[in-house]
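Q: Take this structure, written in structure tokens, and hold onto it; I'll ask about it next.
The values are calculated or read from the model by the stated rules, or taken from the named source; none is laboratory data. All figures in this text were calculated on a predicted structure; none of them were measured in a lab. No Cβ is skipped: glycine too gets one built from the backbone with ideal geometry, and neighbour counts run over all protein chains shown. These area figures cover heavy atoms from the full protein model, side chains too; ligands, DNA and RNA do not enter into them. Shrake-Rupley method; radii C 1.70, N 1.55, O 1.52, S 1.80 Å.
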Amino acid sequence: MASITLNNIVKKYDDGFPAVNNVSLDIADGEFVILVGPSGCGKSTLLRMIVGLEDITSGELQIDGTRMNEAAPKDRNLAMVFQNYALYPHLTVYENIAFPLRLAKKSSGSNGDSTEGANGGSNGGSRGRSPGGAGGGSVDDRVRKAAEMLELTEHLERKPANLSGGQRQRVAMGRAIVRQADAFLFDEPLSNLDAKLRGQMRAEIAQLQRRLGVTSVYVTHDQTEAMTLGDRVAVLKKGELQQVASPRELYEQP
Ligand code: ADP
Ligand code: ADP
């Protein structure tokens, strides 16, 4: 787990107009923060800067108090959960969940099942591992433990095409869990699901986040998700942070 600090973060794309403008936000260890705002307000840009897929124009990103602006994505040890699941269609559920661990093992050159698998063999990702969840043990143990938490045990040999939308979403989360990432970053993970499933998955994500206690940033344009999921809601508008408050404070506002 880790704290994430944004200090006056600015992102300007080629047109020079700030897509994210002077955003400052302290996200505590284990906290669940929702980033909400209309389409085009800069949510994805902000998330991509945190994970390292987009350069920061100015300002500073810190993870556990260490400047991370220049760190490669793999050295940030953050796990992104996408709306389109990004699962490998030719791999089973088991293999999809195990994938980040196998990848990490290969790149760190170790053999045998290792507990070090989750940080990509990097030198920057060894800050405190998340305590709960599928931590420790062999790759097989970790995959099975994650599958159990996500109620995917009976589906481990299936391919993504044979899963429901909700199950696919859970596989995507399983991947994030086995990596023992310092934080989860959710990019509108439920927007492809129908309303009923969305409600169900919302509850599951909230429950899982609390169980794991892993720092999470969740991007959505959906007010209901914003008001029900997290500890705090950060409202973005035209690239600027308008307000940061608990759901209750927002709700009770005149
Ligand atoms: P959101 O996720 O809230 O919908 P984005 O972060 O995708 O918002 O976009 C914020 C602003 O930045 C928008 O005006 C968008 O057009 C612009 N933008 C996003 N990505 C790029 C890019 N790769 N190049 C240029 N402009 C971009
Ligand atoms: P690849 O080498 O597969 O093309 P990238 O170059 O996009 O992957 O990223 C390299 C590393 O950065 C990955 O191994 C992964 O650890 C990390 N990474 C990339 N995208 C993400 C993401 N969306 N969320 C978390 N980590 C990511």
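Q: Show me the helices (runs of 4 or more DSSP H) entirely contained within the range 136-254 in which 3 or more residues are within 27 Å of Thr5 (Cβ to Cβ).
A: Passing ranges, in order: 165-178, 195-212, 223-229, 247-252.
Q: Can I ask one more? Sort out which residues of the range 230-240 are out of contact with any Phe, Trp or Tyr (no Cβ under 6 Å at 6 or more places or on another chain) and surrounded by 17 or more Cβ atoms within 10 Å (Cβ to Cβ), and write them in order of number.
A: Arg232, Val233, Ala234, Val235, Leu236, Gly239
Q: Against the conditions (1) open to solvent by 40 Å² or more (accessible area, probe 1.4 Å); (2) touching a Ser or Thr at 6+ places or on another chain (Cβ under 8 Å), where does Glu148 fall short? Just the number, please.
A: Failed condition: (2).
Q: Restricting to the range 5-44, give me the number of residues that are buried (at least 20 other Cβ atoms within 10 Å of the Cβ) and within 16 Å of ligand 2 (Cβ to nearest atom).
A: Qualifying residue count, the range 5-44: 2.
Q: I'm told Met68 meets every condition in (1) out of contact with any Pro (no Cβ under 9 Å at 6 or more places or on another chain); (2) closer than 20 Å to Ser191 by Cα except one. Can you identify the failing condition by its number?
A: (2)
Q: So which of Ala79, Ala2 ends up being surrounded by 22 or more Cβ atoms within 10 Å (Cβ to Cβ), in a loop (DSSP other than H, G, I, E, B), away from ligand 1 (no atom under 16 Å from the Cβ) and among the aliphatic types (A, V, I, L, M)?
A: Every option except Ala2 fails the conditions.
Q: Does the range 69-76 contain any residue that is more than 30 Å from Arg198 (Cβ to Cβ), touching a strand residue (DSSP E or B) at 6+ places or on another chain (Cβ under 6 Å) and surrounded by fewer than 20 Cβ atoms within 10 Å (Cβ to Cβ)? It would help to see each step written out before you state the result.
A: Filtering the range 69-76 for residues more than 30 Å from Arg198 (Cβ to Cβ) gives 69-72, 74-75.
Still in the running and touching a strand residue (DSSP E or B) at 6+ places or on another chain (Cβ under 6 Å): 69.
With the extra rule that they be surrounded by fewer than 20 Cβ atoms within 10 Å (Cβ to Cβ), the set shrinks to 69.
Yes; the residues of the range 69-76 include at least one that is more than 30 Å from Arg198 (Cβ to Cβ), touching a strand residue (DSSP E or B) at 6+ places or on another chain (Cβ under 6 Å) and surrounded by fewer than 20 Cβ atoms within 10 Å (Cβ to Cβ).
Q: Restricting attention to the range 162-212, which residues are open to solvent by 10 Å² or more (accessible area, probe 1.4 Å), farther than 21 Å from Ala98 by Cβ and either in contact with a Pro (Cβ under 9 Å, 6 or more places away or on another chain) or within 16 Å of ligand 2 (Cβ to nearest atom) (or both)?
A: Those that are open to solvent by 10 Å² or more (accessible area, probe 1.4 Å), farther than 21 Å from Ala98 by Cβ and either in contact with a Pro (Cβ under 9 Å, 6 or more places away or on another chain) or within 16 Å of ligand 2 (Cβ to nearest atom) (or both): Asp187, Glu188.
Q: Could you figure out which of (1) farther than 23 Å from Asp29 by Cβ; (2) open to solvent by 60 Å² or more (accessible area, probe 1.4 Å) isn't true of Gln243?
A: (1)
Q: Which numbered condition in (1) in contact (Cβ under 8 Å) with a residue 12 or more places away in the chain; (2) more than 30 Å from Ser138 (Cβ to Cβ); (3) open to solvent by 40 Å² or more (accessible area, probe 1.4 Å) is the only one that Asp64 fails?
A: For Asp64, the failing item is (2).
Q: Please indicate, with yes or no, whether at least one residue in the range 52-61 is in a strand (DSSP E or B), on the phi < 0 side of the Ramachandran plot, crowded, with 19+ Cβ neighbours inside 10 Å and more than 16 Å from ligand 2 (Cβ to nearest atom). Spell out the reasoning first.
A: Here is the first cut: in the range 52-61, the ones in a strand (DSSP E or B) are 58-61.
Checking which are on the phi < 0 side of the Ramachandran plot leaves us with 58, 60-61.
When the remaining residues are screened for being crowded, with 19+ Cβ neighbours inside 10 Å, the result is 61.
Among the residues that remain, those that are also more than 16 Å from ligand 2 (Cβ to nearest atom) are: none.
Within the range 52-61, none of the residues are in a strand (DSSP E or B), on the phi < 0 side of the Ramachandran plot, crowded, with 19+ Cβ neighbours inside 10 Å and more than 16 Å from ligand 2 (Cβ to nearest atom).
Q: Residue by residue through the range 77-102, note down the ones that are modelled with pLDDT of 90 or more and farther than 22 Å from Asp141 by Cα.
A: Selection gives Pro89, His90.
For (1) without any contact (Cβ under 8 Å) to a residue 60 or more places away in the chain; (2) under 30 Å from Arg211 (Cα atoms), each residue gets a yes or a no:
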{"position": "Lys12", "(1), (2)": "yes, no"}
{"position": "Asp15", "(1), (2)": "yes, no"}
{"position": "Pro18", "(1), (2)": "no, no"}
{"position": "Asn22", "(1), (2)": "no, no"}
{"position": "Leu25", "(1), (2)": "no, yes"}
{"position": "Gly37", "(1), (2)": "no, yes"}
